[in-house]
Structures are given as C-alpha cells and as structure tokens.
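Presented below is the structure to which this report refers.
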Amino acid sequence: MKFLVRLAAKNLWRYGRRTLITAAAIALGLATYVLLDSMLVGADEESVRNLIWYETGSARIMHPDYWDERDRAPLRHVIEDPQSVLDAVRSRDVAATPRTTFSGELIVWRDPFPEDGSLLVHVTAIDPETDGRVYRFDQWISDGRPLQEGEPGVILGSWLAEDLGAEVGYPLIISARSRYGARVTIDAEVVGILNSPNPVINRGGIFLPLDIADLYLDMEGAVTQIDLRFADYARVEAPIAELEELPALRDLSIADWRLLGADYIAMMEADSVGSGIILFLVFIIAAVGVSNTMLMTIFERTREIGMMRALGMDDRAIRNLFLIEASGIGLIGAAAGVALGALGNIPMVRVGIDYSAMFRTMDAGYRSTGVLYGAWVPSTFVIAALMGIVLAVIVALVPTRRALRMNIPRALRQQ
Amino acid sequence: MKLSTIAFRNISRNRRRSLLSITAIAVAALSITGLFSLVEGMRIELATNIQSYSTGEVRIRHSDVDRFEILNPVHLTVENATEVMTILDGVEGVAATVPRVEFPGAIFLDDDTVRAVGVGIDLERERALHDIDARLVSGRFAEPGRNEAVVGTRLARELGLGIGERFTILTTTALRGSNAMTFEIVGLIDLPVPALAATWFLVPIDRAQHLMRMSDQVSSVLTRLEAGSLAGTLAGSPTAGATAVATAAEAALHAAGHETLSARAWNEISDTYSLIETFTIVYDIIALFFFVLGSSVVINTTMMVVYERTREIGTLSAMGMGGGRLIKLFFLEGLYLSVAGAALGVALGVVLSLVLGVTGINMGDAISIEMEIGTVIYPVVNLRSTVVVFLYSVAVASIAAVLPARKAARISPVEALRAV
Amino acid sequence: MKAAAIVLMALIPAAALVAQSAEEIITRMEQNQVHDTSRMEGRLIINDRFGSRTSSFISHARGADDALIEFTSAGERGQKVLRTRDEVYLFYPDAAELIRLQGAALRDSMLGSDVSYEDMTGNRALLDNYRVRLTGEETVAGRPTFRVELEARSRNVAYPRQTIWVDRELFVMRRAEQFSANGRLLKEVEVKETMEVSGLTFPARMVIRDVLKRNSSTEFVIDTAEVNISLPRNIFSLESLRW
C-alpha cells in the first residue's frame, strides 16, 4: 500500500501537466459552486437580516389576544407592566426594547408639503434609548438624525417621505385615538428620513418616541409589544422556551420572526427552490467537467495499464493505484478549489456585487440596497471539498475498470 | 486535404473524447437555456397577469385617478363608456375593449369585517382579453341583471362562504355616497395572482354600475392589442407597440372631447414589472457563472486533447503544416464539437422547457402574496435568448479550443514527437 | 322711582344671567335642541376637494338616543340610518341584510361628510359626559353668547374638550369647537341660521368643518321641522328599517 501511494505520488508528479489540468477542472467547479452558494445564501441571509433587524426582531412578546387583531393595531390588548418583563428578559441576557404600535391618520398640509392630504397609517413608537439594541436604524438615516426622548419627532420611511413630499423639518399631525378612545393629535416634526435595506419599512415606516406616544395615547406606561433580539438572531427555539418559563411572562405570548414575517418567509422559500435547482445544475456542469478530464487522463494511460499488467502487477493493485492517484488529484483540486472559493468570497462578502448600476429605473417597486453580498457557509466548503474528492475517485473508477477488462495486447495497442 | 475534412475525421476517430466535450458544452447550454426559459416564463406570466387582470395592454382611466389614488377616488370615472369604447375600437392596433367597474369595500360578517374588491365585468368582452372560463373552479358565472358574484377562491375561504351563500358589501359610490348590496355566490374562480384571489369577486357590470350609482360609466377600459402580447415579446419588444397605441388612443379620445381621460401602456403602469427586471439581472449574474464554468470545462477538455495529441501535432508540423493551419484545425474541431454540443444542449433545453411549459413547475404557496405572479410557473422558450445562448456557447467553446491550440502550435516538432 | 324701576328692570335680566350656571345654560340649550319627538326634512351639503354634493333626508327622532334618518336624494334614495342608544344600523335597499356598525367602524364618516356615525350617537346629554364651566360672554355672528367650556368626565369620550357658545337670549348653540386631548382644534361647528318651532329654537343651518382636513366642510340644513308630534310605534326598531 505504501508502495502504491508512493508510486501514485510519483505518477502525479510525472504527469504534472495532466494533474494540473484535472485538478484545475475540479478546483474551478468547486470554486464556482462555493461562490454561487455564497451568493444565494447571502441573498437569503440578507432577507432574514432585513426582516429581523428592521421589522420583527428575533421575537416579540405580546398580549395573547393581540395577534388576532394585529391588523387594526388595537390599544386594547397591551402589556401593562413592561418594566418587569424587560427586567426579566434582560436578566437572561436577551436584548429587549418596548414598542407601541397604533393606527392613526397622518395629516399633512400644503406649505411646506406640496399638497394637503391624509393617510391611514400604523405608527410605531420606539424607545430611542434601547431600540438600537434590537433594531438597527440609526446607520440608515439618510437625512436628519435619530429620535430623541421627550421630543415629538418623527422618522419616516424614505419612500413614504417621497410620496408625501416630506423633508426634514416639516411639521405633520398624527391623529389617533387614546387607549380609552379619546381623540388625540400629536403635532410632530420630521426629524429624519430612513432609507433602510428593508422595503417594507421604507414604504410605510413611521416612528415616534415611545414616551411621547405614552403621554398622548394615555398609555400609562403600557406598551403593545416588547421586541427581542437573541444572541444568534435567527435561532429562536431554545431562547423562547427559556423565556416562556419566566413568571413575568406568564400571561403573555411570544411570536418568533418566522411567524411575524410569514409572507416574507414564504417568498424566501420560493427562492430557495430556485437556488436548489441552480446549485444542482452547477454541480452537474462541474461534474461533467471533472469527469471529462479525468476520463481522458485515464484513457490516455490505457497502454500504461496494459504494460503494468504485462509486467505482472495484479489488477487490484493497479486499480488502487489509479484510485489513489484520482483521490490525490481530487485532494489537490479540492484544496485549490476551496482556497480559490474562499479567496473569491472575500470580496463577495465585503464588497458584494453591485447590480444597482444595471437598473434602468431605480424607483421601481423594489428597494434593496442594490448590492448582493456573499456569505460564509463553512458547511458548503466542507461538502464541496468532499464532493470534489469523491467525484474524482468515482469518475476514475469507470475507465480504470474498463482498461483492466481489456486484454493486454489490445490495451498495449491503444493509442 | 482540406482542413475541415481532417477536423471531421479527428472528431469521429476519437469518438469518446468528442462525446465528452459535446456533453460538457451541451450540459452548460442546456442549463442556461432552461434557466432563461424559467425567467422568461416568470416574466410572461407576470406580464400576462398584469394585462389580464389589472391593466390590459393599454388602460384608459380618468387622468386624475393616479394623483388621488390614496383617497379612493371612485367618482373619477370614464363617462359615456359606450362612446369611449366605440372610439377606442376605431384606434388602429386595438383588438378588443373591456370595461371594468371596480369597487373596493368592506364585507361585514358577524363580528368581523373583510376588505374586498368587487369587479364588475362584461363577461363576453372579458373573454376577448383572457381565458376567464378556464379559471372558473366551480359553479357558473354571474348573470347580468342579477345580484350574483363569482368569488376568488382565497377570498371565499377567508369569508368562510361557499356557493349558494350570500354576503353584503358596503362601498363608496361614484356620487361619493355609500351603498351596500347583497350578492349570492354562484361560482368560485381561481385567479392566478394570490393577491387577487384573496380580495377579488366578479359581478355583472350592470349590477356594479347600479351599486356604484354609475350610469354609462366605468372605472376603466382595458384594451387588448392586435399583435398580441406574446408575439410582441418574441419580437423582443413587448412594450413598444403598447406605448404607441396608448398615445394614439389618448389623442383620439381627446379629439372626441373626452379630455379627462388618459391612456397608458401596461408596462408604464405596473411597478411589479420592474421588479421582474431586477430578477432578470440576478439571473443574468447566475447565467454568467454558468457560462464561466461551462467555458472552463471546454477549455479544460481541449487542453487535455491538445496535450494528448502533442505527438500528432508534432507529426503534422513535421509534415509541414504551419502554426496558423494547426490553430485553424483545432479551431475547426472545437467549432464542430461546440456546434454539436450547443445544438444538442439548446435542443434538450428547449424540449425540457416545452415539457415543463405544459406541466408547469409548482411553487406552491411559496410565492409572495404581493406579487402579480401565480403559484405555478410555466417556463417559456424565448427564441432570442435561445439563439444567443447557442451562438455564445459555440463562440466560447471554439475560442476555448484555440487557446491551447496556440500553445500546441508553438511546440517544436522534435519535442512534440518525444512526448508520451 | 321710575328711573330706579327702569334701572332695576334693566338689571333683572343681567342679574338673572349672572345667576345662570353653566349647567343651566347647557340644560336650557338641550331643552331647545333635543326634542321629545321630531320629524325634520333637510339636506346635507358636503364640500370636499372634489367639489360639492347634496343629500336630502327625512329624520325622525325621539329624545337624545333614538333617531331614524332616511335619505331621499337620488344618489342615496331609500338608504336609512337607525341610531339607538348604543348602536348604529344601516339599511340599503340593494342589500338583503342590515349592517351593524360597532367599534372602530363608528368612527367612519357618514356619506363622506365631516360627521362620523359616532358624532351622531355621542354629543348628547352633554352633562352626563362633561364637566362644564362658564368662561365668559362673547359676541358670535352678531349675537351675544355665553361661552361654556366642557371637559370630559371620563377618558373614553371622543372629544376630551369642547367649547360651546350659547345664545344668551335664545339658548341655542351659535358655535362649537371640539378639541383633542392635547388641545388641538379638531372640528368647528358654526350655526348660520336658527329656526323656531312650537316655542323651541334650534339650529337650522350649521357648517361643520373637520379642521385637520382642510378644504372640506359639511353643511347641515333643516328645511322643515315638526316637534313633539306623535310618531308611529316601533319606528326606531330594526323592523321599521325594512319597510
């Protein structure tokens, strides 16, 4: 066996060019696979991130009856004592922030707005101090500044702002009902415009400081929800199970981001069907490429096989020799492929592919950042490397066996 | 001997090797053709759905509707609808005109309200726009003059109502008052767009006009154009014709005194259509990956071939064949192989797409509610991109063959003959 | 003596007026404006950014709670609104069932006007819902008035604050303003004309403005009115909606 390994290594060295080409085929196939997977996973991850970071958090604590009526954003079913819940949750090292969502009418007037108008909206009141622990808006404020406690300021999603013709400094009125049904109006000023990677937020986001909403809506400290972010933001089962044990949450319910963003998730899953097909096709092309070169390498050496058999080497040893050579090539190819993939992935993850320049009309319905980022998926690297080696060996098996079945004179005559 | 003959002979002599090269090219071409067909299928599905349900190919509405969209301006109607449709029928390129009365409203259930959109249709005219009969899942269409409705499947599920049951919708009329009407469900319709299936119900247009207090008025007139959208798509410009007809239609309407109306081509109306263009870009990036990988396979294979045949090259150059002719020989071999491979791949891709185009690929509930795309995607072969894929595959593969051949041409005969 | 008598005569109403408490002013106003029974014909003229339109109606009312309004104009002919103590029902000739409005639906505007169904149901028996305070005497549209400020007793009243100007002689509302909890003016009501029937004076033409939505106003006109008449039995029942 040791002899075979040494002979295989020598052969690989001797046929350096061939080894290189075959290994290159494997490497290229693997690198492409790895990069494409990185891109697709990156797109998926970005979707999840955009959902969790801007819309839903990892999970949300609510009054058990709130969920069914969420479309109306009622102030009937609230968390009466958010502080005890916040304390309990934070004691488990989970980031948490209180929010109140309410429905109301946004009223703007001509001058400075281009036209009088009113719009039925959902307003989200956030705690400026702790909201950043769960959500990440501040870096996306394209105009103006973040909200401040105690100041009736409003941050608008960029698309909404554009539709209204709103700019920083413009006054607007939010007309709503207090928790008890009395009519309230909040005179606020646009302090910031939010241009986040999440289109839903850009389209309809209206944010207000929580203490202002509390005061005007007569909430007396109650909030409609407490949003959470777990250390691993997308993994929710274990932390939720742990939180549900807390006495402070006994009469409340928790919904995770999958439930909160069900529509979004559904779209992503449709995407992943497509991604699967694409990766499969890439695998097929790569496999054809590898088998091509591998088959040739071995066919070419039919004569050599005949020679070895004529010299009395037994068939199993010859087969093993070729398989060891193939796995050697596979190993080199896999190593090179993984290295190449990793190298290519660095700019993919850091810089991304900017396809926004390819847009003809940027004010389409779809407002992503226009950059497709890659992702690091260690499992893909491992799987790809293993597949490269296994594929090389399997592909080598067929022509080797064929050559071994040939009678020696014929094999020797083979070109 | 002619080079092409030699090239041909070489190919058939090394059948196995040739087969592998052809396979590699074919698989790449197949994948890309399939991928493009899928994207094209989505694009056409989207376009068809937008045209069939939302806009027609050119839509005529009151010109202020867009401006006041958020205020639900149902009173901004197309007046004298009969005359307007006659004028439109006379516009060159217009094949059919389809009137619609749309009324968003609230359906009151025991203790819940469901938002829904009623659409008054003229069934006969509607049939000229799309195959509405194929969409009816059960029951029958509503008859003119009767308070009957055909309800979208998802809406029916949400309402918890079936055929034979009744519901009442409260809406704002064209006089900006309110009115309500009770409809009996006589049929269920499977609208291919989830968003519509969840909100739409169809009623006879005369009842809708009565409910909405419209006389000879409609919300919009949709038109189908003569060339047909598919032909336009195949010609590579799905939208140019529609824009021209829209301009002509608007001019004709204004000339006849209907100055409040505006006509717009479907692709200028829908935001969603630009979304699919984003998708197309992403798929183009993916196709690029495929091309690169496919090309690398070809380059690889050819390199192997060249090295394997170094001795042969040596013999040929020893016999006096010049470098240029050598390259040409390899190029020709590559060309033949790639033509065969690309033809095979594209053909298989087309066949596969055609088969899937009939059976469809079911994406289940996985498609977003908000998009104007159905749950089953039927790939459509796009002639133009198929030809492009074919030519590109041939070009890449043949050029890929030249690269190693140039190297071979530089080998000295003596060295080449010494090679294994 | 005579002069003294004149002075006294002049002083008596003034003294009487001063003696008026805010509660009394509101009570007298409601006596004028809220009738045991009534039948009125009138019009609703709605102006918004899209123009003006008129709906005519016949209304029957009993006390502060019950009312039945039937529309007679072409656009809404046969439509009826029944208001009982807590609920609003809508009847439409083309609909086979009644629509009961409750909860948030009551906040919708009636016929797209500046009046919500809730405005129709609330705003009665002011003293039950509001603490009242006389804050002065002002002249409104050439008429001397008391200015009465109302502050909600509980937190579930739609308009937490109101100001009403009541005619000093006729005890009819001349003007009203309704505010949000934080004091922003939401609606203003101007009484342009009043009407006297059977010794009771009440507004006959009012303009109601939703101040938040500029360029919209609703004019409420009563053309004929009969008060304290006998009404058909069961007129304020669900059955009567389906005549």
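The values are calculated or read from the model by the stated rules, or taken from the named source; none is laboratory data. Just so you know, these numbers come straight off a predicted model, no measurement behind them. Positions of Cβ are generated from backbone atoms using ideal geometry, with glycine treated the same way; all protein chains shown enter the neighbour counts. These accessible areas exclude ligands, DNA and RNA; they are computed on the full protein's heavy atoms, side chains included. Shrake-Rupley method; radii C 1.70, N 1.55, O 1.52, S 1.80 Å.
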With B:LEU356, B:LEU344, B:LEU332, B:LEU352 as the choices, which residue is modelled with pLDDT of 80 or more and closer than 30 Å to B:TRP200 by Cβ? B:LEU356
Taking first residues from the stretch A:6-31 that are facing chain B (nearest Cβ under 10 Å) and second residues anywhere that are open to solvent by 30 Å² or more (accessible area, probe 1.4 Å), the pairs with Cβ under 7 Å that are 6 or more apart or on different chains are A:ARG17/B:TYR307; A:ARG18/B:TYR307; A:ILE21/B:MET303; A:ALA27/A:ALA336; A:ALA27/A:LEU340; A:ALA31/A:LEU340
Failed criterion for A:ILE353 (all others in (1) in contact with a helix residue (DSSP H, G or I) (Cβ under 6 Å, 6 or more places away or on another chain); (2) open to solvent by 10 Å² or more (accessible area, probe 1.4 Å) hold): (1)
Limited to the stretch A:62-76, what total is found for residues that are at pLDDT 85 or above, buried (at least 18 other Cβ atoms within 10 Å of the Cβ) and outside any strand (DSSP E or B)? 3
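Conditions tested, residue by residue: (1) within 12 Å of chain C (Cβ to nearest Cβ); (2) among the polar types (S, T, N, Q).
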| residue | (1), (2) |
| --- | --- |
| B:ILE163 | no, no |
| B:THR168 | yes, yes |
| B:PHE183 | yes, no |
| B:PRO192 | no, no |
| B:THR199 | no, yes |
| B:GLN217 | no, yes |
Residues that are at pLDDT 90 or above and charged (D, E, K, R), drawn from the stretch B:214-236: B:ASP216
If the requirement is being closer than 27 Å to B:ASN49 by Cβ, in a loop (DSSP other than H, G, I, E, B) and touching a residue at least 40 places away in the same chain (Cβ under 8 Å), which of these qualifies: B:GLU143, B:GLU158? B:GLU143
With the condition kept exactly as written, say whether any residue in the stretch B:151-158 is away from chain C (no Cβ under 14 Å), among the small types (Gly, Ala, Ser) and open to solvent by less than 20 Å² (accessible area, probe 1.4 Å). yes
A:GLY42 - would you say it is in the same structural domain as A:TYR373 (by TED's automatic domain parsing), of a type outside the set (Lys, Arg), closer than 30 Å to A:ILE126 by Cα and open to solvent by less than 30 Å² (accessible area, probe 1.4 Å)? yes
Which residues, counting only those in the stretch A:182-219, are part of a loop (DSSP other than H, G, I, E, B) and under 15 Å from A:THR101 (Cα atoms)? A:GLY205, A:LEU217, A:ASP218, A:MET219
Of (1) in a strand (DSSP E or B); (2) more than 14 Å from chain C (Cβ to nearest Cβ), A:LEU120 fails just (2)
Kindly indicate which of A:SER356, A:SER379 is among the hydroxyl-bearing types (Ser, Thr, Tyr) and at pLDDT 80 or above. A:SER379
Six or more apart or on different chains, Cβ atoms under 6 Å: show the pairs whose first residue is in the stretch C:164-184 and facing chain A (nearest Cβ under 9 Å) and more than 14 Å from C:ARG143 (Cβ to Cβ) and whose second is open to solvent by 30 Å² or more (accessible area, probe 1.4 Å) and outside any strand (DSSP E or B). none
Under 6 Å between Cβ atoms, at least 6 apart or on separate chains: pull out the pairs that start in the stretch A:50-72 with a residue that is of a type in the set (D, E, K, R) and end on any residue that is assigned to a strand (DSSP E or B). A:ARG60/A:GLN225; A:ARG60/A:ASP227; A:ARG60/A:ALA255
Can you name the residue in the stretch A:156-181 that is open to solvent by 10 Å² or more (accessible area, probe 1.4 Å), farther than 21 Å from C:ARG214 by Cβ and not in a loop (DSSP other than H, G, I, E, B) and, of all such residues, is nearest to the other protein chains (Cβ to nearest Cβ)? A:ARG177
Considering residues that are free of Cβ contacts under 8 Å to residues at least 60 places away in the same chain and in a strand (DSSP E or B), the number found within the stretch A:94-113 is 2
From the list A:TRP109, A:TRP67, exactly one residue is assigned by TED's automatic domain parsing to the domain that holds A:ASP187 and farther than 30 Å from B:PHE68 by Cα. Which is it? A:TRP67
Set B:GLY105, B:GLY93, B:GLY41, B:GLY118: member being touching a residue at least 12 places away in the same chain (Cβ under 8 Å), outside the structural domain of B:GLY357 (by TED's automatic domain parsing) and within 25 Å of the chain's Cα centre (by Cα): B:GLY93
Please tell me if B:GLY164 is surrounded by fewer than 22 Cβ atoms within 10 Å (Cβ to Cβ), out of contact with any helix residue (DSSP H, G or I) (no Cβ under 8 Å at 6 or more places or on another chain) and at pLDDT 90 or above. yes
Count, please, the residues in the stretch B:97-138 that happen to be open to solvent by 30 Å² or more (accessible area, probe 1.4 Å), acidic (Asp, Glu) and over 30 Å from A:GLU69 (Cα atoms). 4
Members of the stretch C:137-163 found to be under 20 Å from the mean Cα position of the chain (by Cα), of a type in the set (Ser, Thr, Tyr) and part of a strand (DSSP E or B), listed by number: C:THR145, C:THR163
Out of everything in the stretch A:184-198 that is open to solvent by 20 Å² or more (accessible area, probe 1.4 Å) and farther than 10 Å from A:PHE137 by Cα, what residue ends up being nearest to the other protein chains (Cβ to nearest Cβ)? A:ASP187
Tell me, please, whether a residue that is farther than 21 Å from B:LEU202 by Cβ and not in a strand (DSSP E or B) can be found in the stretch B:112-132. yes
Can you tell me which residues in the stretch C:49-97 are within 30 Å of A:TRP109 (Cα to Cα), facing another protein chain (nearest Cβ under 9 Å) and under 22 Å from the mean Cα position of the chain (by Cα)? C:ARG53, C:SER55
Looking at the stretch B:1-41 only, could you name the residues that are more than 9 Å from every other protein chain (Cβ to nearest Cβ), open to solvent by 20 Å² or more (accessible area, probe 1.4 Å) and closer than 30 Å to B:PRO192 by Cα? B:PHE36
Answer with yes or no whether A:MET296 is within 14 Å of another protein chain (Cβ to nearest Cβ), more than 39 Å from the chain's Cα centre (by Cα), open to solvent by 50 Å² or more (accessible area, probe 1.4 Å) and aliphatic (A, V, I, L, M). no
Run down A:TRP53, A:TRP140 and say which single residue is open to solvent by 60 Å² or more (accessible area, probe 1.4 Å), within 29 Å of the chain's Cα centre (by Cα), away from every other protein chain (no Cβ under 14 Å) and hydrophobic (A, V, I, L, M, F, W, C). A:TRP140
Are any of the residues in the stretch C:170-179 at pLDDT 90 or above, in contact with a helix residue (DSSP H, G or I) (Cβ under 7 Å, 6 or more places away or on another chain) and not aliphatic (A, V, I, L, M)? yes
